[in-house]
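Here is the structure we will look at.
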Amino acid sequence: MKLRDKLIQLKAEKKAILAANFYNFETLSGILQAASNLKLPVILQLSESSIRYMSLTVATAMAKAAIKEYAVEAWLHLDHGSSVDIVQKCLDNGFDSVMIDASEKSLDENIKITYRVVKIAEGYDANVEAELGFVAKLGQNQNEQKFTQPSDAIKFADGTGVNALAVAIGSAHGFYKQTPKLDIELLSRINKSISTPLVLHGSSGIPDATLQEAVRNGICKINLATETKNTFMLALKERLKNNNEIDLRIVFPDATQTVKELIEKKMRIINEA
Ligand SMILES: [Zn+2]
């Protein structure tokens, strides 16, 4: 099934899918082990920095091979594509889905660039996600947000025909300094204004009950990144404490296991919404 159709189905069922970023073979494997174990579909995401780290061809080939190996229903997605150029490269490499993030530009410019990407992606039958409003990025002030306005959402959906829309309703990327509060009332109004499936970015650290409320009010895709990196690295540090093991194949699987457990936990929370 195409991701576009999957998201439409999820929207109709008031359900959501987990979209998990991977950074290396270990995190990729942990995510797919979880999806395989729970027999749930998953979206595998690559940021531009992860693409730079692994190279586009290696990261793509590894993800595609791993999806087959674990026999999981999964899609490969570009997270926060910053230019038409990177979107084009990912589509040429066989990505199922791309995000074009022009959220820091004006509404009209965001519509223009997103529309352009939607037209390009049509030739690949690929899914396109965009962001409207502004979700603070890593290193940016979390209070500096621009919440998505329903009237803008209508204009954006009509002007772009985008397949999925990331909304700014109070979440932020990275770790939260205080427990985040989502504006569920605003989310509900956006959801009633447009038929486009909605996406929540910055879900690391959002309380379980809040995540579930977001799903019940129109969020169909939940992005998770920071918690995965953190979980993996904490487990690795713990494993290496007072330990001289130099065989990474003995050390890494413990950290991979904690990623698997994290992803299973998140998938259960989302699925039980
Ligand atoms: Zn994001």
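Things worth noting here:
- Within the range 211-224, being in contact with a helix residue (DSSP H, G or I) (Cβ under 8 Å, 6 or more places away or on another chain), more than 11 Å from the ligand (Cβ to nearest atom) and of a type outside the set (Gly, Ala, Ser) holds for LEU211, GLN212, GLU213, VAL215, ASN217, ILE219, CYS220.
- Neighbours by Cβ (under 6 Å, 6+ apart or cross-chain): first from the range 72-89, among the β-branched types (Val, Ile, Thr); second within 16 Å of the ligand (Cβ to nearest atom) and not in a helix (DSSP H, G or I): VAL87/GLY81; VAL87/VAL98; VAL87/ILE100
- Just one of the listed residues (PRO207, PRO180) is of a type outside the set (Asp, Glu) and either under 21 Å from LYS137 (Cβ atoms) or touching a strand residue (DSSP E or B) at 6+ places or on another chain (Cβ under 9 Å) (or both), namely PRO180.
- Any chance THR196 is under 22 Å from ASP108 (Cβ atoms), within 16 Å of the ligand (Cβ to nearest atom) and in a loop (DSSP other than H, G, I, E, B): no
- The set of residues in the range 84-124 being of a type in the set (Ser, Thr, Tyr), away from the ligand (no atom under 16 Å from the Cβ) and under 20 Å from LYS137 (Cα atoms) consists of SER106 alone.
- Test: LYS237 is out of contact with any Gly (no Cβ under 9 Å at 6 or more places or on another chain), farther than 25 Å from MET99 by Cα and among the charged types (D, E, K, R): yes
- Residue count for the range 248-270 under the criterion of being under 16 Å from ASN21 (Cβ atoms) and aromatic (Phe, Trp, Tyr): the result is 0.
- If the condition is being within 13 Å of the ligand (Cβ to nearest atom) and either β-branched (Val, Ile, Thr) or more than 24 Å from LEU76 (Cα to Cα) (or both), then the range 128-138 contributes GLY133, VAL135.
- Residues that are assigned to a loop (DSSP other than H, G, I, E, B) and hydrophobic (A, V, I, L, M, F, W, C) within the range 135-167 comprise VAL135, ALA136, LEU138, PHE147, VAL162, listed in sequence order.
- Selected residue (only one of ALA63, ALA34 is surrounded by 18 or more Cβ atoms within 10 Å (Cβ to Cβ) and either under 21 Å from LYS265 (Cβ atoms) or without any contact (Cβ under 8 Å) to a residue 12 or more places away in the chain (or both)): ALA34
- Members of the range 160-183 found to be surrounded by fewer than 17 Cβ atoms within 10 Å (Cβ to Cβ), away from the ligand (no atom under 16 Å from the Cβ) and either of a type in the set (A, V, I, L, M, F, W, C) or under 24 Å from LEU3 (Cα atoms) (or both), listed by number: GLY161
- The residues listed here are ALA164, ALA102, ALA168; of these, the one that is touching a residue at least 24 places away in the same chain (Cβ under 8 Å) and either out of contact with any Lys or Arg (no Cβ under 7 Å at 6 or more places or on another chain) or more than 23 Å from LYS11 (Cβ to Cβ) (or both) is ALA102.
- Residue list for the range 121-159, filter: crowded, with 24+ Cβ neighbours inside 10 Å and touching a Lys or Arg at 6+ places or on another chain (Cβ under 7 Å): ASN127
Any read-out appearing in this document is the output of simple, stated calculations on the displayed coordinates, not a laboratory observation. Every value quoted in this text rests on a predicted model; they were computed, and no experiment measured them. So basically every Cβ, Gly included, is an ideal-geometry build from the backbone, and we count neighbours across all protein chains shown.
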